[in-house]
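The values are calculated or read from the model by the stated rules, or taken from the named source; none is laboratory data. Small disclaimer: the values here were computed from a predicted structure and weren't measured. All Cβ positions, glycine included, derive from the backbone under ideal geometry; neighbour counts span all protein chains shown. Accessible surface areas use protein heavy atoms only, side chains included; no ligands, DNA or RNA. Shrake-Rupley method; radii C 1.70, N 1.55, O 1.52, S 1.80 Å.
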Amino acid sequence: GQVRATDLGGYRTVIRQPLGRHYRDARLLLNPPPSSGGLLIAFALALLEQEDLGGGPFGGTGHLITLARAMEQTGLARDTGPADEGLLRDDWVDRHRRALQGRPISSRGTTHISVSDAAGNAAALTLSTGEGGGQLLPGTGILLNHLLGEEDLNPDGFHRWREDIRVSSMMAPALAEHGGRLIALGSGGSNRLRTAILQTLCNLIDFQLPPERAVEAPRIHLERGKLSIEPGLPPDTVRRLVDHWPNHQIWDDLNLFFGGAHTVVYDGREFTGAGDPRRGGVLRIVA
């Protein structure tokens, strides 16, 4: 195999400083590079910073078209921009923000846990085996994953991975402070997890939705020109969306395709939150 005892023996955990950003009056801590998920969420939020996302109704045409355009520009930036924090340089963000403003406004193997306590501590943890290999390395307790077989992470394919390089990931556990609230959230869902987290953050911050509604609200996801839409949005909004993106899919129900944004919120007095029903999430408050 490609993984040998010397590889396991030489592995070291690297503790990194989180990627700190502000979005409106919220302070965010996101997963830093070499993971790409936190970086791309921060980029999308930077694009939305100057948009009045919460100025209209949730699910309105202005809200969702602006959101989808931000997803579109984030995808372009991912393909053409730097893979580190240079992506958040003002000139790079401004280039894609102008493109955004120039538009007329007309599974299985990823687990996330969010935890908070009354002492003001919070943690967000995401772990993935991808689809998983169904086998343990004897004597190690390590479950084999298939991440080098994912095109998004290893586009050159099997047997072409450079040695001694850490695999990137879209996983993006996140913490936020907003309006006296401490928020911990994250999601599974491959490429869709970043848009699940993005939309949940916007729902909490821009629209002031309670956590349960912020998590369960219908989502969209735009990737490679195809727009995926969950049910429950106003019919007029859906018609406008599909006019803009003829390549689309309207889903019949809430689906694990759109991630699973398990979220907890503590405001200094009480705990609220939601386990995302798309991925069998649960919320437990323990006295």
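Assorted remarks:
- Anisotropy class of the chain from Cα gyration tensor, a/c 1.5 cut: prolate
- Sorting 59-66, 140-147 by average packing, meaning the other beta carbons within 10 Å per residue, from highest down gives 59-66, 140-147.
- Filtered trypsin sites (Lys or Arg not before Pro), the stretch 174-245: DSSP coil and at most 15 other beta carbons within 10 Å: R224
- Placing pseudo-labels 7 Å out from each Cα toward the beta carbon at T272 and T13 gives an inter-label distance of 3.4 nm.
- The listed residues D252, D79 rank as D252, D79 when sorted by accessible area, largest first, using a 1.4 Å probe.
- Take 16-25, 157-166 and order them by the average number of nearby Cβ atoms within 10 Å per residue, most first; the result is 16-25, 157-166.
- Of the peptides 131-139, 112-120, the order by per-residue mean of other Cβ atoms within 10 Å, starting with the highest, comes out as 112-120, 131-139.
- Estimated FRET transfer efficiency when R0 is 30 angstrom, pair R98-R239 (beta carbons, to 0.05): 0.65
- FRET efficiency for Q135 and K226, using Cβ-Cβ distance with R0 set to 51 Å, rounded to 0.05: 0.90
- Computed from label points 7 Å out along Cα-Cβ, the spacing between R181 and D253 is 2.8 nm.
- Only DSSP H runs of four or more residues enter the estimate; each adds -39500 (n - 2.57), and after division by the residues of the chain the mean residue ellipticity at 222 nm equals -8500 deg cm²/dmol.
- Whole-angstrom gap from the stretch 34-98 to the stretch 171-230, using each part's C-alpha centre: 13 Å
- The string of couplings for the stretch 190-202 from the Karplus curve (6.51, -1.76, 1.60, θ = phi - 60°) is 6, 4, 6, 5, 5, 7, 5, 5, 4, 5, 5, 4, 5 Hz, one whole number per residue in order, with x for Gly and Pro.
- Computed magnitude of the charge dipole of the chain (debye, nearest 20; Cβ of K, R +1, Cβ of D, E -1): 180 debye
- Given their separation in residues at 0.36 nm each and the Cα-Cα distance between them, V282 and V115 gain 58.9 nm when the chain is fully extended.
- In terms of its alpha-carbon gyration tensor, the stretch 16-87 comes out oblate; a/c meets the 1.5 threshold, while b/c is at least as large as a/b.
- Take the chain with all the other protein chains still there, run a 1.4 Å probe, and you get 52 Å² of accessible area per residue.
- Measuring nothing but protein heavy atoms, the accessible surface of the chain at 1.4 Å probe radius is 51 percent carbon and sulfur.
- Dipole orientation for the stretch 65-201: of the candidates L127, L153, I183, I183 has the Cα lying most toward the positive pole (charges on Cβ; Lys, Arg +1; Asp, Glu -1).
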